Amino acid sequence: MRIVLVTDAWHPQVNGVVRTLDTTIGILRSWGHQIRVVSPDQYRSFAAPGYPEIRLAVARASTVGRRIAEFDADAIHLATEGPLCIAARRWCERNSILYSTAYHTQFPEYLAKRTKLSPRVFWPYIRWFHGKSQAIMTSTESVQKQLRKERLSQVHHWGRGVDLEDFSPRVPAPEFYKKLPRPIQLYVGRVAIEKNIEAFLRTDQPGSKVVVGDGPARSKLQAEYPDAHFLGRKVGRELSGYYADADVFVFPSKTDTFGLVLIEALASGVPVAAYPVTGPVDILNENCGVMRSDLGSAIESALKLQADACLARARQFDWETSARQFLEGLTPIQTSQRLHLSRKIIANAVLERV
């Protein structure tokens, strides 16, 4: 199958969307599928306000459409709600091409955090962007229910996975941990306002607070909470080690739709403390995590949970199942539509030579 995947989130960004897309693409290619990624690095772009590492593409619908059409795709997937996917959506609509979309982030809540406006202000845009999608791929039942409430009923389940070899209790612990008072309370992820990390840093549980990750809020939080340990971005086995020897994983976010870090922590045998919100309520059970409105209380109780129960839950998530679900959610482009586009490409090429 020939698949075009358009995304505003791509390397060098480090987040759950990019990791999900990258892993899915790798599996699909290993199965023989051909994937063309249309991403911001292929166009002029500018830095997103407050996020210099995130580039927003400046591209016309016709320019993006030409890259899609030349690939002769069997299916088109729009992964994000940013300007590049808006251009691709516009081109698809103009040419009556069917497409699927994904809802990776609680976009209204995310924007509300950054603008101080109500999330309700942003839902009309979400309904517009996804309204004509043939399938809105979502990772949890909670998000599906939310989208149905917003009159977006064409939801399709696309779960997530974890590599049980990369994330394991057997990974060696980092030297840094040896000097820290226990229990070690770990956060992994972007250090940004929408992740609500302050809620974790304000808790008064004994032990050590460790923040692994980077982002625009790091310098401010580091200054305000000097007793916490901000270690920056970690990858590979080093990251796995920080998970494996932690005593509890703390997930303070209220804007994620899933949270890959949750199942990475569970695969490392580490229980989770979180709020009872989308993501945690879909992943955690009483044996591997504690969800409460009082995050400090959740941390205290989660420390009593056992590693075996965490591992058992993590084994229920795998990337190959996720990749199959993604394929099932794609909408094939009709043969007549592909012929129409082929003729347009040939005609344009002739005109360019004249």
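Assorted remarks:
- Scanning the range 231-289 for residues that are assigned to a helix (DSSP H, G or I) and hydroxyl-bearing (Ser, Thr, Tyr) returns Ser240, Tyr242, Tyr243.
- Of all residues in the range 282-316, those being acidic (Asp, Glu) and closer than 10 Å to Val248 by Cα number 1.
Let's see how each residue does on (1) more than 23 Å from the chain's Cα centre (by Cα); (2) among the β-branched types (Val, Ile, Thr); (3) buried (at least 21 other Cβ atoms within 10 Å of the Cβ); (4) not in a helix (DSSP H, G or I):
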position	(1), (2), (3), (4)
Ala47	no, no, no, yes
Ile54	no, yes, no, yes
Glu93	yes, no, no, no
Ile97	yes, yes, yes, yes
Glu109	no, no, no, no
Pro124	no, no, no, no
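- With respect to the conditions (1) in a helix (DSSP H, G or I); (2) touching a residue at least 12 places away in the same chain (Cβ under 8 Å); (3) closer than 25 Å to Asp282 by Cβ, Arg148 lacks only one, and its number is (2).
- Filtered by the rule that a residue be without any contact (Cβ under 8 Å) to a residue 60 or more places away in the chain and aromatic (Phe, Trp, Tyr), the range 99-114 gives a lone residue, Phe107.
- Selection status of Gly269, on the phi > 0 side of the Ramachandran plot, at pLDDT 95 or above and more than 18 Å from the chain's Cα centre (by Cα): yes
- Taking first residues from the range 69-98 that are free of Cβ contacts under 8 Å to residues at least 12 places away in the same chain and partners that are buried (at least 21 other Cβ atoms within 10 Å of the Cβ), no Cβ contact under 9 Å between residues at least 6 apart in sequence or on separate chains turns up.
- Residue count for the range 290-315 under the criterion of being touching a Cys at 6+ places or on another chain (Cβ under 7 Å) and in a loop (DSSP other than H, G, I, E, B): the result is 1.
- The numbered conditions (1) touching a strand residue (DSSP E or B) at 6+ places or on another chain (Cβ under 8 Å); (2) closer than 15 Å to Ser139 by Cβ; (3) surrounded by fewer than 22 Cβ atoms within 10 Å (Cβ to Cβ); (4) not aromatic (Phe, Trp, Tyr) are all true for Ser301 except (2).
The values are calculated or read from the model by the stated rules, or taken from the named source; none is laboratory data. Note that the structure is a prediction, hence the values are computed from the model and not measured. With ideal geometry, Cβ positions are generated from the backbone for all residues, glycine too; neighbour counts draw on all protein chains shown.
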